[in-house]
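Colleague: Sharing a structure below in structure tokens format, with a few things to ask.
The values are calculated or read from the model by the stated rules, or taken from the named source; none is laboratory data. Remember, it's a predicted structure, so these values are computed and weren't measured experimentally. In this analysis, Cβ positions are derived from the backbone assuming ideal geometry, glycine residues included, and neighbour counts consider all displayed protein chains. The protein model used for the area step is the full one, side chains on, heavy atoms only, and it has no ligands, DNA or RNA in it. Shrake-Rupley method; radii C 1.70, N 1.55, O 1.52, S 1.80 Å.
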Amino acid sequence: MAAYFLNSNMDPREYMVIPLWCLMFTLLSRVMDYLFGGLREGTTPWEWRNLMTSSLHSVISATLACICMCMFDDPFADRLETRTICCMSLGYLVHDLLDVVFRGDRPLTNTYKWVIVHHLVVLYVMPLIGYGYGSLGVACLTMETNSLGIHIRSFLKLKGFKREHIANIVNNIVLLLTCLCFRFIFSVIILRDAITRTRLPPYLSYATVFLLIFMFGLGVRFFYVVLKKDLLNVFRQKTLKAKTSSGKTNGSVPLVNNNSNTNHYKIH
């Protein structure tokens, strides 16, 4: 551990910001629950508070990350701004990990088990920013643009919106587009930069490549689920329903016409 801090480009005191951000998101979750608690009908207080806090983090981190990537000439250079954004996001991850593990509904659903795995995987950014490559963490945070759509999808599901509702269809289309852009295309760019430009210790280089590939795989799985279950099935059901309705209508018309011809148009 001592060797890590000696080789680190980051002042060890900067790490103290992480628990402060963790406390800040804990307080924000209470504020969000107070402000929007009246909308949580049909959900548990914890589930609603967790979703609102996650959505807030996605908005903040995605906005700041995209600004950093667009504002600087070399977005992959190490800066105080990139380290600060990473520390903010790490503080949220610690808060949410503790919140899910110790305060979540029992038993944990498969969704929240994947959330735990995701948070543990992403926490590898902590040593990464210490070696001066927090910019890679900020680049990864642009994927929160897609995460915001995931939170909206969860919100619509909790409020009882059906899959064929127009709000769900529009959100899922945007969700797939942002997944394709930020989780697939951008992941390839980040992976290339992680391999060609960084000078990390071997174990961090291997971990970075492996975890980026792992996150890419999770994105592919999620893309498939949304595309198949939430879009293709909905369009298939709508088409089948339209054909069924058309068939019933066509089947009833000749019957009415035959009766009309028999009763009113007899040949005398």
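Colleague: Go through the residues of segment 203-214 one by one and say whether even a single one is closer than 27 Å to ASN168 by Cβ, among the hydroxyl-bearing types (Ser, Thr, Tyr) and modelled with pLDDT under 80.
Modeller: No, the conditions are met nowhere in segment 203-214.
Colleague: For segment 44-62, name all the residues that are β-branched (Val, Ile, Thr) and under 16 Å from ALA139 (Cα atoms).
Modeller: VAL59, ILE60
Colleague: Another one. So if I check each of LEU156, LEU148, LEU120, which one is in contact with a Ser or Thr (Cβ under 7 Å, 6 or more places away or on another chain), modelled with pLDDT of 75 or more and either within 18 Å of VAL226 (Cα to Cα) or open to solvent by 40 Å² or more (accessible area, probe 1.4 Å) (or both)?
Modeller: Being in contact with a Ser or Thr (Cβ under 7 Å, 6 or more places away or on another chain), modelled with pLDDT of 75 or more and either within 18 Å of VAL226 (Cα to Cα) or open to solvent by 40 Å² or more (accessible area, probe 1.4 Å) (or both) holds for just one of LEU156, LEU148, LEU120, which is LEU148.
Colleague: So which helices (runs of 4 or more DSSP H) stay within segment 1-109 end to end and still have 1 or more residues that are modelled with pLDDT under 70?
Modeller: 2-7
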